[in-house]
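Notes follow the structure.
Bear in mind these aren't lab numbers, they're just calculated from the coordinates by the rules spelled out. For clarity, every value in this text was computed on a predicted model and none was experimentally measured. Here Cβ is always computed from backbone atoms with ideal geometry, including for glycine, and neighbour counts include all displayed protein chains.
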């Protein structure tokens, strides 16, 4: 069973707050907009949210560059607004994860400004500074010559994201590299604990942890990082046993050992997630995709996660092109049949439930190619698709210019829409424990078609998905529970048309 009980049947919806719903007409989504759309989320069937960073930030990286961990960004609202969001969401039986970025801050964070000073102070060792501005630091990106302090500061990704100091696992230069138990790293660790306590006390239900595997430097096997999270999460779990912790890691044998409840199949690393939906995707009509590498990794992942935590499958996220860019409406339906019948908690990226398109846009707030997956939600046929009352040129990002663009209102009214299919798939999942987070999975075939069994001691469901545009037959017995496309079960044989999925109660 999941270590946090409410994850047993959780279905998550990911919200990019600046693009979800604008209630004050400034062209940017806000916390009150999320509150107003909670019924939409529950109507779809989702019972948990992951909200991308909503803290005070200069937004050079869309909020992943935090200037104050303890306050909601004014463009989204106030701390009181998000507290009200937690309260109302809980009344509707929705749990909320906030996105926590513990690895780095913005260059505008007061901690970093203090650390830049030449004089020793409380924040001198909160960031990773070398001892000589002229000396290169092999293997690291740095900021150099930015203050009177003699040294270069390590950054995690963009130049505006200086790395917080949690110590080095292997010390190569003791003049400036500190061990994990040094005073500076320990202060950083304790501050992250305080930040987590602050929001948990306010009512949030846990965190998705950004770049979770990169806390400790010179840590090739992540042994130091695992130890770091075991300490942090051990303390949090003792104080907040119902808090859920989700890692951006993609390697469950490490992340779950570190104490996380959930990890992701990611578009980076060795999960082969892209083989499913995006790069020569398996879920395509031509039948040229190959699941061998994904299944091999999945089996390894499953053996590591079973009974210890969850490995979660997303439809996409804010860091990749939308699923609709590479899959047709028909193929998206089959992809969601897969996503919503796997173990682990499924994640639906906002707008994917209506097939919102990926747009080729100029970068906004450090999005670059990702910007086209972050456009405002398309609610209805009114001005700005109902996202905002602002002038169109004031929107956070432009919207899909296609007059036939999908909207939530249109799809909710159309019983044959992608939205209504996803709603039905979630209903089926929630009606059968063997389709939920913890039930067993056994892959039987993974050519065309894909066949797997989900089971508990009480029930068993055979899932057959045939993305290829050609009919097929599979040996099967039982009763058809749910179909996408046309399938017939008779005399021990299930006959499926091309582009069809079927769930069979055995």
Seminar exercise, completed: Simple spin-label estimate for residue 198/residue 223, 7 Å along Cα→Cβ, in nm, reads 3.5
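Restricting things to alpha carbons, find the Rg to Rh ratio for region 217-284 using the Kirkwood radius for Rh.
With Rh from the inverse mean 1/r over Cα pairs, Rg/Rh is 1.10.
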Seminar exercise, completed: Rounded to the nearest 10, the angle in degrees between the Cα long axis of helix 292-305 and the longest principal axis of the Cα atoms of the chain comes to 70
Exercise. Which whole-number percent is the relative contact order of region 104-165 (Cα, under 8 Å, 6+ apart)?
Worked result: 38
Seminar exercise, completed: Sorted largest first, the Cα spans of region 153-274 on the principal axes come out in Å as 42, 37, 28
Exercise. Angle, helix 329-339 long axis vs. longest principal axis of the chain, Cα atoms, 0 to 90°, nearest 10?
Worked result: 70
Seminar exercise, completed: The percentage of Cα-Cα pairs in region 1-150 separated by more than 27 Å is 39
Exercise. What does the convex hull of the Cα atoms of the chain come to per residue, in Å³, rounded to a whole number?
Worked result: 143
For this session: Multiply the residue separation of residue 394 and residue 181 by 0.36 nm, subtract the distance between their alpha-carbon atoms, and state the gained length in nm to one decimal.
Result: 71.8 nm
Exercise. Helix 183-202 sits at what angle to the longest principal axis of the chain, using alpha carbons and giving 0 to 90 degrees rounded to 10?
Worked result: 50
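Kirkwood hydrodynamic radius, region 305-415, all distinct C-alpha pairs: what's the number in Å?
Result for region 305-415, one decimal place: 15.3 Å.
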Problem set entry | residue 405-residue 363 pseudo-label distance in nm [points 7 Å out on the Cα-to-Cβ vector] | 2.3
For this session: May I ask you to list the residues of region 307-339 whose amide nitrogen lies under 20 Å from a point 7 Å from Cα along the Cα→beta-carbon direction of residue 230?
Result: 307-310
For this session: Extending each Cα 7 Å along its Cβ direction at residue 81 and residue 131, get the distance between those two points in nm, one decimal.
Result: 4.8
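Shape verdict for region 411-463, please, from the Cα gyration tensor: rounded (a/c under 1.5), prolate (a/b greater than b/c) or oblate.
Oblate shape, in that a/c is at least 1.5 and b/c is the bigger or equal ratio.
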Exercise. At a Förster radius of 22 Å, what calculated FRET efficiency corresponds to the Cβ-Cβ distance of residue 506 and residue 299, to the nearest 0.05?
Worked result: 0.55
Exercise. Using the count of nearby Cβ atoms within 10 Å as a rough guide to exposure, how do 204, 434 rank from fewest to most?
Worked result: 434, 204
Problem set entry | Potential lengthening between residue 24 and residue 493 on full extension [0.36 nm per residue; Cα-Cα distance subtracted] | 163.1 nm
For this session: Mind jotting down the distance between the C-alpha centroids of region 283-329 and region 367-403, whole Å?
Result: 28
Exercise. Please state the relative contact order of region 384-495 as a whole percent: Cα pairs under 8 Å, 6+ residues apart?
Worked result: 12
For this session: Taking the Cβ of each residue in 229, 134, 446 as the centre, tally the other Cβ atoms inside 10 Å and list the residues starting with the fewest.
Result: 134, 446, 229
Seminar exercise, completed: Rounded to the nearest 500, the 222 nm mean residue ellipticity computed for the chain from DSSP H runs (n ≥ 4, each -39500 (n - 2.57)) alone is -7000 deg cm²/dmol
For this session: Stick to the Cα atoms of region 116-173, pair each with every other, and give me the Kirkwood hydrodynamic radius in Å at one decimal.
Result: 11.8
Exercise. Compactness ratio of region 441-505: Cα Rg over 2.2 N^0.38 Å, N = residue count?
Worked result: 1.02
Problem set entry | Ranking of 202, 377 by count of other Cβ atoms within 10 Å, fewest first | 202, 377
Seminar exercise, completed: Taking only the alpha-carbon atoms of region 350-506, the convex hull volume per residue, in cubic angstrom, is 156
